Amino acid sequence: MHNNPQETERLISDPVPGITAEPHDDNLRYFKVSIEGPEQSPYEKGIFQLELYLPDDYPMEAPKVRFLTKIYHPNIDRLGRICLDILKTNWSPALQIRTVLLSVQALLASPNPNDPLANDVAEDWIKNEEGAKNTAREWTLLYAKKE
Amino acid sequence: MGNVPAKAEQDEEYANQTRSRRRTISNANSFASSGTARTRSKRTTSLVDSVLNNTNSARSRGNSTSENPYRRRSPKEREAFKEKRAQDLVVRFNETVDGGYLSPFGCYTLDKLDYDIDIVKTLIIERKLAPFYIPLQDFNQTWSDDEIVKIVDGLPLHSSNNVEIPDELEDLSIGDLSNPNFDYLIDKKLSKKDQSRQRSKIFKARLYQKRIIWQETENEVFLEKKLEEQLNKYLPNDALKLNLYKNGTECPICFLYFPKPMNYSKCCQQPICTECFVQIKRSAPHFPHDENVEDVDDVDKDPNLLISEPSNCPYCATPDFAVIYNQPNDRKVGINGILPSQYTLDNKVSTDTVTEPFVITSDFIRPDWKIKLNKDRLKLQRRSANATAIHLSNQLVDPSHNSATNTRTELEDRLVEEAIKLSLEEDNAKSENK
């Protein structure tokens, strides 16, 4: 599907609080995304950079999303790949860029170490939740700074 | 798999009926209203001819469905099939139903259109599925009637977004398109496998180009007719344009603006345009996700475990996604209706006969889904049998494995067993299909 300017336009004119998504000048399928860490999560006060790419088959196929900022999270691996059902088997064409990014933000608020992508982080999270959260806080301070 | 066999049979039956019904459509294709018969006869003939041609090929295809669907088709047969499909998907301005068309506008690429074309066209003509309308990018409530008419007049028959040649096909020499033979373009020095690879690539590039030409030609005729002083009978008059586009709505999936009524999801009554609907289909054959066996090569898995789940509703995730369409009650124009150019606001459709809603699932417009699944299973069976055979013959050749004297016969027995198993499975798949 040709990327519909309508969706992009609305994304910019009616942004979600704490989330920005801007299409690249040369490639309208490629978005530069930033997500604020949710309050009361270890990611609070962090600004996380992500990239989002709309494949040719979007919206029949899910967008590709990846964290560019390093993050300590059981469902996000070292390469920034995200384990989120709606990005894979539970994708629906009625979902949008907006809903995807909201879901990613929600994943930051509630990590799910029982369905991990980063096994070592998940193990840490299950064994010693406070310690893992502290590491996540440290990483947020270290890497997810405001530009 | 959450599939009810009885339902599948019913769908297949409809598919077969559709093929024979194509003939009826061709007769109905001439418009209901008469008058100016002489000037029209030429056009009608060509229209009927083209539909009749379709009918003939549909008939021959109908026959071919009775033959083994698992038969391997030659490259030439496959090419002819693809070319026919691409031709059938050209949007034709005179094949219009209630202001829309029988083929998609082109929001999605051609190779993503894998539905049964005959079934969908028939459903549209029978007013059981919304026609493919030409969408607007946006609609502004403040537009005056004049502005709406002007904007609608500027709409092309088909999107120009998807006509760019994909990068991998760009530098290919495609030769003379009017000559169906392009063997001369193939590098005979290549290996057989590479030759057939090159052939399919060139074919793809040629088809891409041909399709653009077919649609462009149709677009040009459409434009010319629009510019003619007297309104062409197949073109909508201003009253119809306004009726279509003044009270439209947006498809929640593609964000484009369409005339109403739209198709509605059966489960949660959400609108969906036909172009998005025909994109939704069951999952491609795969092994169950929950099994944590991703390291195992597919060859080592049981092909019978290969599954394909029916599509879910994109809005509420209810399984077996289906849509319902209620035809507009204030316009019945185009095929089986009055001429689009003669539309008046009081063109009410009689609604004395309350018909039960016709429910259309994604499987309904792809009756061959089961054959595709079986084909994938067979492919995997063949691959795994080949792997076993290679493995066993290696053991035969390698004398170090020949420790026991009777190993050789044992292995041969196993090879035969494997071969029998394979043909049994292939046989089962065939009879299952019948």
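The values are calculated or read from the model by the stated rules, or taken from the named source; none is laboratory data. Bear in mind that the values here come from a model prediction, so they are computed numbers and not experimental data. All Cβ positions, glycine included, derive from the backbone under ideal geometry; neighbour counts span all protein chains shown. Ligands, DNA and RNA are excluded from the accessible area calculation, which covers all protein heavy atoms including side chains. Shrake-Rupley method; radii C 1.70, N 1.55, O 1.52, S 1.80 Å.
Among the listed residues B:LEU231, B:LEU172, B:LEU242, B:LEU207, identify the single one that is part of a loop (DSSP other than H, G, I, E, B), touching a residue at least 40 places away in the same chain (Cβ under 8 Å) and surrounded by 11 or more Cβ atoms within 10 Å (Cβ to Cβ).
Matching residue, one of B:LEU231, B:LEU172, B:LEU242, B:LEU207: B:LEU231.
With (1) in contact with a Phe, Trp or Tyr (Cβ under 6 Å, 6 or more places away or on another chain); (2) open to solvent by less than 30 Å² (accessible area, probe 1.4 Å); (3) part of a helix (DSSP H, G or I) as the list, and A:PRO113 as the residue in question, which single condition is left unmet?
A:PRO113 satisfies all of (1) in contact with a Phe, Trp or Tyr (Cβ under 6 Å, 6 or more places away or on another chain); (2) open to solvent by less than 30 Å² (accessible area, probe 1.4 Å); (3) part of a helix (DSSP H, G or I) except (3).
Name the one entry in A:ASP56, A:ASP77, A:ASP85 that is more than 14 Å from chain B (Cβ to nearest Cβ) and charged (D, E, K, R).
Exactly one residue qualifies, and that residue is A:ASP77.
When you look at A:GLU9, is it at pLDDT below 90, within 29 Å of B:ILE253 (Cβ to Cβ), open to solvent by 20 Å² or more (accessible area, probe 1.4 Å) and within 14 Å of another protein chain (Cβ to nearest Cβ), yes or no?
yes
I'd like the residue in segment B:111-143 that is over 20 Å from B:TRP369 (Cα atoms) and of a type in the set (Val, Ile, Thr) and, out of all such residues, is farthest from the other protein chains (Cβ to nearest Cβ).
B:ILE125
Quick one: count up the residues across segment B:258-270 that are open to solvent by 20 Å² or more (accessible area, probe 1.4 Å) and within 12 Å of chain A (Cβ to nearest Cβ).
Total meeting the criteria: 2.
Go through A:TRP139, A:TRP125 for me and flag whichever is more than 14 Å from every other protein chain (Cβ to nearest Cβ), open to solvent by 50 Å² or more (accessible area, probe 1.4 Å), assigned to a helix (DSSP H, G or I) and among the aromatic types (Phe, Trp, Tyr).
Selected residue: A:TRP139, the only one of A:TRP139, A:TRP125 that is more than 14 Å from every other protein chain (Cβ to nearest Cβ), open to solvent by 50 Å² or more (accessible area, probe 1.4 Å), assigned to a helix (DSSP H, G or I) and among the aromatic types (Phe, Trp, Tyr).
Among all residue pairs at least 6 apart or on different chains, which show Cβ distances below 7 Å where the first residue, located in segment A:74-96, is at positive phi and the second is part of a strand (DSSP E or B) and open to solvent by 30 Å² or more (accessible area, probe 1.4 Å)?
Listed by first residue and then by second, the contacts come to A:GLY80/A:ARG66.
Any idea how many residues of segment B:127-147 are in contact (Cβ under 8 Å) with a residue 24 or more places away in the chain, on the phi < 0 side of the Ramachandran plot and part of a loop (DSSP other than H, G, I, E, B)?
Going through segment B:127-147 one residue at a time, the tally reaches 10.
How many of the residues making up segment B:297-334 are of a type in the set (A, V, I, L, M, F, W, C), within 14 Å of another protein chain (Cβ to nearest Cβ) and surrounded by 14 or more Cβ atoms within 10 Å (Cβ to Cβ)?
Looking only at that region, the number is 5.
Keeping to segment B:123-155, report how many residues are open to solvent by less than 60 Å² (accessible area, probe 1.4 Å), of a type in the set (Lys, Arg) and within 24 Å of B:LEU223 (Cα to Cα).
Total meeting the criteria: 0.
What's the number of the condition B:LEU378 fails, among (1) surrounded by 13 or more Cβ atoms within 10 Å (Cβ to Cβ); (2) over 38 Å from the mean Cα position of the chain (by Cα); (3) modelled with pLDDT of 70 or more?
(2)
Would you point out which residue out of B:VAL163, B:VAL120 is at pLDDT 90 or above, surrounded by 13 or more Cβ atoms within 10 Å (Cβ to Cβ) and under 28 Å from B:GLY99 (Cα atoms)?
Exactly one of B:VAL163, B:VAL120 is at pLDDT 90 or above, surrounded by 13 or more Cβ atoms within 10 Å (Cβ to Cβ) and under 28 Å from B:GLY99 (Cα atoms), namely B:VAL120.
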